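> Pasting a structure below so you can have a look.
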Amino acid sequence: MKNFSPFSVLDIGSNSIRLVIYNKKNKSAIPIFNEKTQCGLGKNLSFSKNLSQDSCSKAFRSIDRYIQISNSMKAELFIVATAAIREAEDGKDFTNKVNNKFNVNVNILSSREEARYSSLGVISSFSNPNGVIGDLGGGSLELTSTSDSSFNRTVTCPLGILKFEKQLSRKNYLIKKIDSHLDKIDWLVNERDKSFYAIGGAWRSLAKVFMNWSKHPISVIHNYEISHKDALELCKVLSNLNYSLKSMSVISKPRRKSLSYSSLLLERILLKVRPKNIFFSSYGIREGILYDKLSEEEKKMDSLIAYCNEISKDESRFYNNIKKFYSWLLPLLNEFPKAELRLVNAICLLSDIAWKIHPNHRSEFAFKRSIFAPFVEVNHKERTYIANALSERYRGDLDKSRFNNILKFEELNRAKIIGTALDLAYIVSGGGCINISYSRLFFEKNYLCLSLESDTSNIFNRQCEKKLESLSKLLNCDYKVIKL
């Protein structure tokens, strides 16, 4: 594997222990190993000051396994422990045993450090997040404002899943308890009409249920959006549902037990904060730790373009030519919304991802690979846009109707223009092997013009002309070929 310098985060949480190993430390890092074990270190803390001994034994075995796996990859290892270890009287004793046994250093995070890392996870994976970040874990709930770079507007509430998961329906005393904590947070009222970013396995389970009930076509939780109104209605229903219902089969049995409480908690937060929408995040504390390790220059990178650039370098046939396609297409983009330009750049970089696939299946492969790709800083509408354009680039006729209601007609049309233009680019450049700069696209009056340098003009043939004609029809104009 190229540039293989892995970085791993071992997260000793109140409910589970998880190891994530990334292929490298950068903005476009991809998990190459991701596993968790439910240990329940914090399950006794509501009535005891110490960790459960059974849970400690299970946790110790899991930590042993995960450290061995990390070491086998020669990964840089960073270990953190959160609320259960922080709050238990014997939490420090447990981490000392881990440190001495495995010659490591477990970082016991303060509540503020935990909230900071969770917030950095959201900041690293959403484009300009604006609102409140909520990280629901087994031991606690962290709430942070995205507008506070110093993390002063950060609070930890003792409202973790393990303390209330046995509450299978909404209770008045529980509502009062949640509200009493939220009412103490004076800065929450200043975050209204923004967004709420939900982190944590319990809330990701809610997202799965929402997706299932609404028949949402993209089974990617990260950046999944739901309106304030719809979220409130669904939370009210779920907080009263028996977790054994068949409709809950989309989530694991352990998560079903906490569904009522996590729904009620989200409902009370939404009523307090009144955000305009809710985004679910697959990124949190572990990704925040990775992001915190980057240089300031790396943090500013667009992770979508960074990821697509790496894929293009590794998998394209003629990367040095293909990276010029975006500039070649620019004359077509004058009327495109500015937010779509980065998507077009990404599409150009990914435009050769299916060349190894059988021709009859390239369009489908390109569509599915992009719509389910590990993109971050990309919402579901943008995923669909990229996937539609790449499908058109490979001239596919697959049925995409169940995805296309995510986009407006004009967005679909622009994606089709980009895909058709890239199809033309590959024909004109001989599959990408010839420098596309020998030709130029531009508009002249009501004509889409393609100019060709004299010494390469013979490359242009009838097939090229048919592609140019198809593109001109999409642009509602005639076309002209100019040989210099």
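The values are calculated or read from the model by the stated rules, or taken from the named source; none is laboratory data. Because the structure is predicted, anything quoted here is derived from the model rather than measured. For neighbour counting, all protein chains shown are included, and Cβ atoms are generated from backbone atoms with ideal geometry for every residue, glycine included.
> Name the single residue that is surrounded by the most Cβ atoms within 10 Å (Cβ to Cβ) among those in the range 202-220 being aliphatic (A, V, I, L, M) and closer than 20 Å to residue 141 by Cα.
Restricting to residues being aliphatic (A, V, I, L, M) and closer than 20 Å to residue 141 by Cα, the top hit is 206.
> For residue 60, only one of the following conditions fails: (1) part of a loop (DSSP other than H, G, I, E, B); (2) more than 26 Å from the chain's Cα centre (by Cα). What is its number?
(1)
To keep it simple, each residue is scored yes or no on (1) of a type outside the set (D, E, K, R); (2) under 15 Å from the mean Cα position of the chain (by Cα); (3) surrounded by fewer than 16 Cβ atoms within 10 Å (Cβ to Cβ); (4) assigned to a loop (DSSP other than H, G, I, E, B).
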residue	(1), (2), (3), (4)
348	yes, no, no, no
351	yes, no, no, yes
355	yes, no, no, yes
360	yes, no, yes, no
365	yes, no, no, no
370	yes, yes, no, no
375	yes, yes, no, yes
383	no, yes, no, no
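> Report, by residue number, each residue of the range 276-293 that is buried (at least 21 other Cβ atoms within 10 Å of the Cβ), not in a helix (DSSP H, G or I) and not aliphatic (A, V, I, L, M).
Correct list: 279, 280, 281, 283, 284.
> Tally up the residues in the range 67-92 that are surrounded by 20 or more Cβ atoms within 10 Å (Cβ to Cβ) and over 10 Å from residue 8 (Cα atoms), please.
Within the range 67-92, residues that are surrounded by 20 or more Cβ atoms within 10 Å (Cβ to Cβ) and over 10 Å from residue 8 (Cα atoms) number 9.
> Could you please let me know if residue 394 is in contact with a Lys or Arg (Cβ under 7 Å, 6 or more places away or on another chain), surrounded by 24 or more Cβ atoms within 10 Å (Cβ to Cβ), hydroxyl-bearing (Ser, Thr, Tyr) and not assigned by TED's automatic domain parsing to the domain that holds residue 280? Steps first, please.
Values: in contact with a Lys or Arg (Cβ under 7 Å, 6 or more places away or on another chain): yes; surrounded by 24 or more Cβ atoms within 10 Å (Cβ to Cβ): yes; hydroxyl-bearing (Ser, Thr, Tyr): yes; not assigned by TED's automatic domain parsing to the domain that holds residue 280: yes.
Yes: the conditions hold for residue 394.
> So if I check each of 75, 84, which one is of a type in the set (Gly, Ala, Ser) and modelled with pLDDT under 95?
84
> Right, here's the next one. Can you name the number of the only condition in (1) touching a residue at least 12 places away in the same chain (Cβ under 8 Å); (2) surrounded by fewer than 17 Cβ atoms within 10 Å (Cβ to Cβ); (3) within 26 Å of the chain's Cα centre (by Cα) that residue 317 fails?
If we test residue 317 against (1) touching a residue at least 12 places away in the same chain (Cβ under 8 Å); (2) surrounded by fewer than 17 Cβ atoms within 10 Å (Cβ to Cβ); (3) within 26 Å of the chain's Cα centre (by Cα), just (3) comes out false.
> Which condition number does residue 327 fail, the rest of (1) surrounded by fewer than 22 Cβ atoms within 10 Å (Cβ to Cβ); (2) closer than 29 Å to residue 342 by Cβ; (3) touching a residue at least 40 places away in the same chain (Cβ under 8 Å) being met?
(3)
> Another question about this same structure. Go through the range 19-48 and count every residue that is assigned to a loop (DSSP other than H, G, I, E, B) and charged (D, E, K, R).
4
> Further question: For the range 236-253, indicate whether the set of residues that are touching a His at 6+ places or on another chain (Cβ under 8 Å), of a type outside the set (Ser, Thr, Tyr) and in a helix (DSSP H, G or I) is non-empty.
no
> Could you list all residues from the range 1-42 that are of a type in the set (D, E, K, R), touching a residue at least 40 places away in the same chain (Cβ under 8 Å) and closer than 30 Å to residue 257 by Cβ? Break it down into steps so the answer makes sense when it comes.
If we filter the range 1-42 for residues that are of a type in the set (D, E, K, R), which is where we start, we get 2, 11, 18, 24-25, 27, 35-36.
Those left that are additionally touching a residue at least 40 places away in the same chain (Cβ under 8 Å): 2, 11, 18, 25, 27.
Matches in the range 1-42: 11, 18.
> Given the range 93-199, what helices (runs of 4 or more DSSP H) lie entirely inside it while holding 3 or more residues that are surrounded by 14 or more Cβ atoms within 10 Å (Cβ to Cβ) and either assigned by TED's automatic domain parsing to the domain that holds residue 50 or without any contact (Cβ under 8 Å) to a residue 60 or more places away in the chain (or both)?
On the way: elements: 111-125, 161-164, 172-182.
In the range 93-199, 111-125 are the helices (runs of 4 or more DSSP H) which contain 3 or more residues that are surrounded by 14 or more Cβ atoms within 10 Å (Cβ to Cβ) and either assigned by TED's automatic domain parsing to the domain that holds residue 50 or without any contact (Cβ under 8 Å) to a residue 60 or more places away in the chain (or both).
> If I ask for residues that are in contact (Cβ under 8 Å) with a residue 12 or more places away in the chain, closer than 21 Å to residue 415 by Cβ and not basic (Lys, Arg), which ones from the range 457-484 would you list? Write out each step before concluding.
Restricting attention to the range 457-484, the residues satisfying the condition of being in contact (Cβ under 8 Å) with a residue 12 or more places away in the chain are 457, 459-460, 463-465, 467-468, 470-472, 474-475, 477-484.
Going one step further and asking which of them are closer than 21 Å to residue 415 by Cβ, we end up with 467-468, 470-472, 474-475, 477, 479.
Listed by number, the residues that qualify are 468, 470, 471, 472, 474, 475, 477, 479.
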